[in-house]
Amino acid sequence: MSSPRARRLLVRGVSHLFLFAIALTAFYPFFVMIISSTHNHFNIMTTINILPGNSLGDNWERLTRHINIFRGTANSLVIAISATILQNYFTLMGGYAFSKFLFKGRSGMFAFVVIMMMIPGQISIIGFFHTVRQMGLINSYIPLIIPGIANSFAVFFYKQYLDGALPNEMIEAAVMDGCREINIFHQIVLPLAKPALVVQGVLIFIGSWNSYLTPLIILNDRDRMTLPLLIATVRDANHAEVGAQYLGMLISIIPIVIIFCFSSKVIMERISIGAAVKG
Amino acid sequence: MKKGSLKWLIATMLIVTALVITACSRNGDEPTPVTPEPPAQTTTPEPVDEDDNDEVEETPEEPIALSGSFTYWSYTDSAHNLVAAFNAVYPDIHVDVTIFGGGEYRTHMLTTFMSGDLPDLFDLEEGYMYEFLDSPLILDLSTIMDTGVFAREWVPFQNYAMKNGNGVYKALIFQSSPVVMWYLRDVAEEWLGTSDDREISAMIYSWDAMLEVARDVYLASDGEVTVWPNVGSMFVVDALTKPTLVVDNTLTIAPQWFDLINTMRRVWESPYTRHYPAWSGEWAAAWNNGEFLFRAMPSWDFFTDWDRNRGNVGIAVPPSGAFEGNTGISVFANSEHHDLIATFLNYVASDEFQTLNLEQHNQVPANLRLIQDLSNGFSAPDFGGQNILDTYARVLATIPAFTPDRFTRPLINTFQGRASTGIQNDWTDEEIINEFIDMIADQYPELTIVRPDIP
């Protein structure tokens, strides 16, 4: 009798140990970041720190000596929130069109969208910069927000989601009841896509929040810089300030953690399209 | 979705869209190319000439009645220190400093050069400086300041390093970055019997001499203490005294480079060398703990634990003269603030600022006459009272004077990487050279490559 129970306990114990090891591995970078933000540069460079240090105040002073971290946070929030809302709205529209409208060249255009997903954005960065410059948009937030509307992964994601989650009959019923196309989108598609919107929204927000290269080449004005750009400037040719940079990173992930806390339940439940469809 | 929710959603979208459009609008209409900020000059300063500069430098305590504003980009926020010192003398000139993260600064400058819309003043790091110096967007400094002083008074290699390939002064380098041998005084006393920099310099005048010292120290310490930490750093010390790799767009590897590889190999194979990755935390900790004696670093070293070793540091002359990590300040040719910038550059080049930079940050002036003036009786508390200017002057005298080009530092770095990797992995000289050539052929297809006869 005890043998199967013991085996179950053993299996459970091993599973828990394994999961604990994975969780530990995932948490370790955060642990390093949190602990390092309390140590000075030299301690971080030369020692594996387990316990908090006493340099948090110094790191904060160093971090904020030349940069306005609150301004950077506000700038990042404006860009990330705007990008999240606009990208979500328009890419859902694109995904809806590919999912429910039959038009000539649909398959070809969708294949084009899928191919675009596979091209790294960095390849086109010079051309992107030239275009932005010719449009007079250097130092503007528009190039950091608007091009994302053509987020091919999001279009693909919504197309796949709506294929399963939105029955054609529902659309047909709405049409028969005289609902206009834009109202169908707003009153039927948007509410039904809410779980997918949350998942994709988190991805877009995090991507925009952490974006570095594009803001780097577009933004020249210190007052318009995003948080990652500002944190990267906390360095000195003579005294690299890794502790202050870790503190800046710690601060920069706070909004992401908050977003995740609020939406984690939905993300966990609906992270897979299949689950979302069944839900 | 409920009707109320829909209205809320649409209202939010409208607000966000309005917010974005408002926030995204640029600061006024800026024609291209222009300086990033509109001129804020309130009085017209006198044109700067040599006499004015002298007057400025001789009466630094009197705030100068110049006013205005210009932009300054850098990749290190020590630029703020520079500007703070400048503003102590010129309080009415506003310098709008913007710092970009170090590694990506070059990328940012590349795109900015494409746009033709540069800041009034900007820093360039030695590793990529010479990619830009031929650009007509960078001002010939002789049009706004007395560049003759560089030839007369500057350290010779810095004088050349500030020019582009046509011999035009395009960047101001206000501090030297000579590579020296850093040691801890108490550790040197214990294992070498002296902490005097001249005596120590004499002990390590060549790599062979260094290997002998390494053997003695290793045996005396029962293998606890070594002298030299790795092979990569040898390249930093020796590379600039080897024949130039690229001349007239042709890569030629002279036999002296093979000598360097062989010396590196001997050091690697020596049982008295410990192998720490250069510039790693392990390397820095081991040196600060006294586990090895010497490390080659430029004067701007940032691996010393000053909290622990302040007053216990010494520097000695390495086997060869080298510099690394120059920073040049360049001027946008189309800037509307050349008068203010001239004032700034003249201040940065002044004895006053270079002395301040030495006293506050232990940085070596670029002005050799000033070094010689100050070196008589100079004592650096951080270095146990050592006359570091005397040591630096001896190193500076051995650094070859030449104008680098866009190939110089990148090729040296690539060669260093291939040689270090090859020696550690037991590659033959031929394999090292072939690896190096293959990488260079990929990176610089415009180069003609002469394959050397492997000795």
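Tabulated values for the structure
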| quantity | calculated |
| --- | --- |
| Alpha-carbon spread of the range B:338-428, three principal axes, descending order, Å | 52, 42, 21 |
| Protein accessible area in the range B:202-333, 1.4 Å probe - carbon and sulfur % | 48 percent |
| Where N is the number of residues in the range B:272-327, Cα Rg divided by 2.2 N^0.38 Å | 1.17 |
| Per-pair calculated FRET efficiency, R0 = 60 Å: residue A:15 and residue B:194 via Cβ, rounded to 0.05 | 0.40 |
| Taking the range A:110-254 and dividing mean pair separation by its residue count, relative contact order in percent (alpha carbons under 8 Å, at least six apart) | 25 percent |
| The range B:177-290 - Rg and Dmax from Cα coordinates, angstrom | 15.6, 52 |
| Descending Cα extents along the principal axes, the range A:1-150, whole Å | 66, 61, 26 |
| Gyration tensor over alpha-carbon atoms, the range A:1-65, equivalent ellipsoid semi-axes in Å | 42, 10, 8 |
| Cα centre as origin, Lys/Arg/Asp/Glu Cβ charges: the protein assembly as shown dipole, Debye | 5720 debye |
| Cα-only Debye scattering, the range B:355-396: base-10 log of I(q)/I(0) at q = 0.20, 0.29 Å⁻¹ | -0.52, -1.14 |
| Amide proton proximity set for residue A:53, modelled H, under 5 Å, gap of 5+ | A:38, A:39 |
| Convex hull of Cα atoms in the range A:152-250, direction-averaged projection (nm²) | 9.4 nm² |
| Using alpha carbons only: equivalent-ellipsoid semi-axes of the protein assembly as shown, gyration tensor based, whole Å | 52, 35, 26 |
| With eigenvalues of the C-alpha gyration tensor scaled by 5 and rooted, the range B:412-455, Å | 18, 13, 7 |
| Two-decimal log10 I(q)/I(0) for chain B, as the Debye equation yields it once each C-alpha is a single scatterer, q = 0.07, 0.10, 0.13 Å⁻¹ | -0.43, -0.81, -1.21 |
| Area buried, chain A against chain B - accessible surface, total, 1.4 angstrom probe, square angstrom | 4000 Å² |
| 10 Å binning of all Cα-Cα separations within the range B:299-356, expressed as whole percents from 0 upward | 15, 29, 31, 18, 8 |
| Efficiency of FRET between residue B:248 and residue B:361 - r from beta-carbon atoms, R0 51 angstrom, step 0.05 | 0.80 |
| FRET efficiency for residue B:206 and residue B:280, using Cβ-Cβ distance with R0 set to 22 Å, rounded to 0.05 | 0.25 |
| Kirkwood hydrodynamic radius over Cα pairs of chain A, then Stokes diffusion coefficient at 37 °C and 0.692 mPa s, in µm²/s | 148 µm²/s |
| Residue A:74 paired with residue A:265, simple spin-label distance in nm, labels 7 Å along Cα-to-beta-carbon | 3.3 nm |
| Simple label model, 7 Å out from Cα along Cβ direction - residue B:152 to residue A:183, nm | 8.6 nm |
| DSSP beta bridge pairing in the protein assembly as shown, given as percent antiparallel to the nearest 5 | 65 percent |
| Structure-based [θ]222 nm, chain B - -39500 (n - 2.57) summed over DSSP H runs of at least 4, per residue, nearest 500 | -13500 deg cm²/dmol |
| Antiparallel %, DSSP beta bridges [both residues in chain B], to 5 | 65 percent |
| Å² of accessible area per residue within the range A:44-185, as computed with a 1.4 Å probe and no ligands counted | 54 Å² |
| Cα convex hull of the range B:257-397 - mean projected area over all directions, nm² | 11.7 nm² |
| Ratio of Rg to Rh over the range B:89-242 (Cα coordinates, Kirkwood Rh, two decimals) | 1.11 |
| Value of relative contact order over chain B, rounded to a whole percent, pairs C-alpha under 8 Å and six or more apart | 23 percent |
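The values are calculated or read from the model by the stated rules, or taken from the named source; none is laboratory data. What you see is a predicted model, and the numbers here were worked out from it, not measured in a lab. Don't worry about glycine lacking a Cβ; one is built from the backbone with ideal geometry, like all the others, and counts go over all protein chains shown. Accessible surface is based on the protein model in full, side chains and every heavy atom, while ligands, DNA and RNA are left aside. Shrake-Rupley method; radii C 1.70, N 1.55, O 1.52, S 1.80 Å.
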